[in-house]
Amino acid sequence: MRRDLITDAAIQLVAEQGMRGLTHRAVDRRAGLPEGSTSAYFRTRKALIEGFVERLADQERLDVVPDPDDVAGSIARTLDSWLVERNRTLARYSAMLEATHHPELKSIMVHSPREQATAIAKMLGHQDPERAGAHFTAFLEGLLFYRLVGGGSTVGPAPGTEESVRDLKTAVEKALRP
(Lines give C-alpha, C1' and ligand atoms only; values in the text may rest on other atoms or scores of the structure.)
Protein backbone atom coordinates (compact mmCIF):
# COMPACT_ATOMS: atom_id res chain seq x y z
CA MET A 1 0.00 0.00 0.00
CA ARG A 2 1.43 3.38 -1.02
CA ARG A 3 0.38 5.13 2.20
CA ASP A 4 2.41 2.61 4.24
CA LEU A 5 5.38 3.02 1.89
CA ILE A 6 5.26 6.79 2.43
CA THR A 7 4.90 6.63 6.21
CA ASP A 8 7.62 3.98 6.50
CA ALA A 9 9.95 6.23 4.48
CA ALA A 10 9.05 9.15 6.76
CA ILE A 11 9.87 7.06 9.83
CA GLN A 12 13.30 6.20 8.45
CA LEU A 13 14.04 9.82 7.52
CA VAL A 14 13.08 11.14 10.95
CA ALA A 15 15.09 8.42 12.69
CA GLU A 16 18.18 9.22 10.64
CA GLN A 17 17.92 13.01 10.23
CA GLY A 18 15.50 14.21 12.88
CA MET A 19 12.39 16.22 12.19
CA ARG A 20 14.31 18.77 10.09
CA GLY A 21 14.95 16.07 7.50
CA LEU A 22 11.23 15.42 7.05
CA THR A 23 10.03 17.03 3.84
CA HIS A 24 7.58 15.82 1.25
CA ARG A 25 10.33 15.71 -1.38
CA ALA A 26 12.70 13.79 0.89
CA VAL A 27 9.99 11.21 1.59
CA ASP A 28 9.28 10.88 -2.14
CA ARG A 29 12.99 10.25 -2.80
CA ARG A 30 13.35 7.79 0.09
CA ALA A 31 10.25 5.87 -0.98
CA GLY A 32 11.33 5.86 -4.63
CA LEU A 33 8.14 7.64 -5.69
CA PRO A 34 7.58 10.41 -8.23
CA GLU A 35 7.84 13.92 -6.84
CA GLY A 36 4.50 15.05 -5.43
CA SER A 37 3.35 11.59 -4.37
CA THR A 38 3.66 12.28 -0.65
CA SER A 39 1.79 15.58 -1.01
CA ALA A 40 -1.09 13.75 -2.66
CA TYR A 41 -1.55 11.65 0.49
CA PHE A 42 -0.48 14.15 3.14
CA ARG A 43 -1.13 17.76 2.10
CA THR A 44 0.69 19.38 5.03
CA ARG A 45 3.74 18.60 7.10
CA LYS A 46 1.48 18.23 10.12
CA ALA A 47 -0.59 15.63 8.25
CA LEU A 48 2.60 13.80 7.27
CA ILE A 49 3.78 13.76 10.89
CA GLU A 50 0.39 12.55 12.10
CA GLY A 51 0.43 9.89 9.39
CA PHE A 52 3.75 8.43 10.37
CA VAL A 53 2.90 8.59 14.07
CA GLU A 54 -0.34 6.73 13.37
CA ARG A 55 1.68 4.10 11.50
CA LEU A 56 4.05 3.80 14.46
CA ALA A 57 1.13 3.42 16.85
CA ASP A 58 -0.42 0.69 14.71
CA GLN A 59 2.87 -1.20 14.55
CA GLU A 60 3.43 -0.90 18.30
CA ARG A 61 -0.08 -2.10 19.13
CA LEU A 62 0.65 -5.24 17.12
CA ASP A 63 3.99 -5.67 18.93
CA VAL A 64 2.55 -5.48 22.46
CA VAL A 65 0.93 -8.84 23.14
CA PRO A 66 1.49 -9.73 26.79
CA ASP A 67 1.75 -13.42 27.57
CA PRO A 68 -0.45 -14.02 30.64
CA ASP A 69 1.98 -16.73 31.77
CA ASP A 70 5.02 -14.43 31.48
CA VAL A 71 3.86 -10.80 31.41
CA ALA A 72 7.22 -9.31 32.37
CA GLY A 73 9.12 -11.54 29.96
CA SER A 74 6.86 -10.75 27.01
CA ILE A 75 7.09 -7.01 27.71
CA ALA A 76 10.88 -7.25 28.07
CA ARG A 77 11.12 -9.03 24.71
CA THR A 78 8.99 -6.32 23.10
CA LEU A 79 11.13 -3.53 24.57
CA ASP A 80 14.29 -5.32 23.46
CA SER A 81 12.90 -5.64 19.92
CA TRP A 82 12.21 -1.87 19.92
CA LEU A 83 15.83 -1.30 20.94
CA VAL A 84 17.06 -3.54 18.13
CA GLU A 85 14.68 -1.90 15.64
CA ARG A 86 15.61 1.47 17.02
CA ASN A 87 14.57 3.65 14.08
CA ARG A 88 10.88 3.34 14.89
CA THR A 89 11.52 4.32 18.50
CA LEU A 90 13.81 7.22 17.57
CA ALA A 91 11.21 8.54 15.13
CA ARG A 92 8.48 8.35 17.78
CA TYR A 93 10.57 10.25 20.31
CA SER A 94 11.45 12.87 17.69
CA ALA A 95 7.77 13.39 16.95
CA MET A 96 6.94 13.65 20.64
CA LEU A 97 9.63 16.30 21.13
CA GLU A 98 8.38 18.21 18.08
CA ALA A 99 4.90 18.25 19.59
CA THR A 100 6.16 20.05 22.69
CA HIS A 101 7.11 23.06 20.51
CA HIS A 102 4.09 23.02 18.21
CA PRO A 103 0.71 23.00 19.96
CA GLU A 104 -1.04 21.95 16.75
CA LEU A 105 0.78 18.62 16.97
CA LYS A 106 -0.31 17.79 20.52
CA SER A 107 -2.40 14.90 19.21
CA ILE A 108 0.89 13.03 18.81
CA MET A 109 1.32 12.98 22.57
CA VAL A 110 -1.86 10.91 22.96
CA HIS A 111 -0.17 7.82 21.52
CA SER A 112 1.05 5.42 24.14
CA PRO A 113 0.43 1.81 25.06
CA ARG A 114 -1.59 3.06 28.02
CA GLU A 115 -4.74 1.06 27.27
CA GLN A 116 -2.72 -2.13 27.15
CA ALA A 117 -0.89 -1.16 30.35
CA THR A 118 -4.24 -0.56 32.07
CA ALA A 119 -5.47 -3.99 30.94
CA ILE A 120 -2.30 -5.58 32.33
CA ALA A 121 -2.80 -3.73 35.64
CA LYS A 122 -6.38 -5.07 35.83
CA MET A 123 -5.15 -8.58 35.08
CA LEU A 124 -2.60 -8.28 37.90
CA GLY A 125 -5.19 -7.06 40.40
CA HIS A 126 -4.16 -3.43 40.91
CA GLN A 127 -6.69 -1.47 42.96
CA ASP A 128 -6.60 1.49 40.54
CA PRO A 129 -5.71 0.03 37.12
CA GLU A 130 -6.00 3.38 35.30
CA ARG A 131 -3.40 5.01 37.52
CA ALA A 132 -1.24 1.89 37.59
CA GLY A 133 -1.42 1.74 33.78
CA ALA A 134 -0.34 5.37 33.52
CA HIS A 135 2.55 4.81 35.92
CA PHE A 136 3.59 1.62 34.17
CA THR A 137 3.53 3.35 30.77
CA ALA A 138 5.67 6.20 32.09
CA PHE A 139 8.09 3.68 33.58
CA LEU A 140 8.38 1.76 30.29
CA GLU A 141 8.89 4.96 28.29
CA GLY A 142 11.64 6.02 30.68
CA LEU A 143 13.28 2.59 30.63
CA LEU A 144 13.19 2.48 26.85
CA PHE A 145 14.55 6.03 26.51
CA TYR A 146 17.32 5.33 29.03
CA ARG A 147 18.40 2.19 27.18
CA LEU A 148 18.07 3.79 23.74
CA VAL A 149 19.80 7.15 24.16
CA GLY A 150 20.54 7.70 27.85
CA GLY A 151 23.19 6.34 30.16
CA GLY A 152 21.86 2.82 29.74
CA SER A 153 22.84 2.88 26.08
CA THR A 154 26.50 2.84 27.11
CA VAL A 155 26.37 0.52 30.12
CA GLY A 156 23.34 -1.70 29.47
CA PRO A 157 23.53 -5.10 27.83
CA ALA A 158 23.57 -5.03 24.04
CA PRO A 159 20.05 -5.08 22.55
CA GLY A 160 19.09 -8.33 20.89
CA THR A 161 20.82 -10.50 23.47
CA GLU A 162 19.41 -12.78 26.16
CA GLU A 163 21.26 -10.65 28.71
CA SER A 164 19.36 -7.58 27.51
CA VAL A 165 16.01 -9.35 27.78
CA ARG A 166 16.86 -10.64 31.28
CA ASP A 167 17.90 -7.16 32.40
CA LEU A 168 14.72 -5.59 31.04
CA LYS A 169 12.57 -8.36 32.54
CA THR A 170 14.05 -7.72 36.00
CA ALA A 171 13.16 -4.03 35.71
CA VAL A 172 9.65 -4.76 34.40
CA GLU A 173 8.95 -7.28 37.18
CA LYS A 174 9.73 -4.65 39.78
CA ALA A 175 7.42 -2.12 38.11
CA LEU A 176 4.53 -4.60 37.79
CA ARG A 177 4.20 -5.30 41.49
CA PRO A 178 0.82 -4.18 42.84
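Identify, from the list Gly125, Gly142, Gly151, the residue that is out of contact with any Lys or Arg (no Cβ under 9 Å at 6 or more places or on another chain), farther than 25 Å from Met19 by Cα and loosely packed, with under 15 Cβ neighbours inside 10 Å.
On the way: Gly142 fails: farther than 25 Å from Met19 by Cα; Gly151 fails: farther than 25 Å from Met19 by Cα.
Result: Gly125 is the single residue among Gly125, Gly142, Gly151 that is out of contact with any Lys or Arg (no Cβ under 9 Å at 6 or more places or on another chain), farther than 25 Å from Met19 by Cα and loosely packed, with under 15 Cβ neighbours inside 10 Å.
Out of everything in region 49-102 that is of a type in the set (Val, Ile, Thr) and under 25 Å from Ala171 (Cβ atoms), what residue ends up being farthest from the chain's Cα centre (by Cα)? Looking at the filtered set, the residue picked out is Val71.
Entry remark, region 85-117: residues being within 18 Å of Asp63 (Cα to Cα), at pLDDT 85 or above and not basic (Lys, Arg) number 6 in total. Restricting region 42-57 to residues that are assigned to a helix (DSSP H, G or I) and more than 15 Å from Gly21 (Cα to Cα) leaves a set whose member that is most open to solvent (accessible area, probe 1.4 Å) is Glu54.
Considering the conditions (1) open to solvent by less than 20 Å² (accessible area, probe 1.4 Å); (2) among the aliphatic types (A, V, I, L, M); (3) free of Cβ contacts under 8 Å to residues at least 12 places away in the same chain, Leu62 is excluded by exactly one of them, (1). In region 26-54, the residues that are aliphatic (A, V, I, L, M) reach residues that are part of a helix (DSSP H, G or I) and open to solvent by 60 Å² or more (accessible area, probe 1.4 Å) with C-beta atoms within less than 7 angstrom, at least six apart or across chains, in these pairs: Ala31/Leu5. Which of the residues spanning region 4-43 are of a type in the set (Val, Ile, Thr) and closer than 16 Å to Ala95 by Cβ? Passing the criteria: Ile6, Thr7, Ile11, Val14, Thr23, Val27. Consider region 15-41 and keep the residues that are touching an Asp or Glu at 6+ places or on another chain (Cβ under 8 Å) and crowded, with 16+ Cβ neighbours inside 10 Å. The one that is modelled with the lowest pLDDT is Met19.
The values are calculated or read from the model by the stated rules, or taken from the named source; none is laboratory data. None of the values given here were measured: they were computed from a predicted structure. Because the Cβ atoms are built from the backbone with ideal geometry, glycine has one as well, and the counts that use them run over all protein chains shown. Heads up: the accessible areas ignore ligands, DNA and RNA and are worked out on the full protein's heavy atoms, side chains in. Shrake-Rupley method; radii C 1.70, N 1.55, O 1.52, S 1.80 Å.
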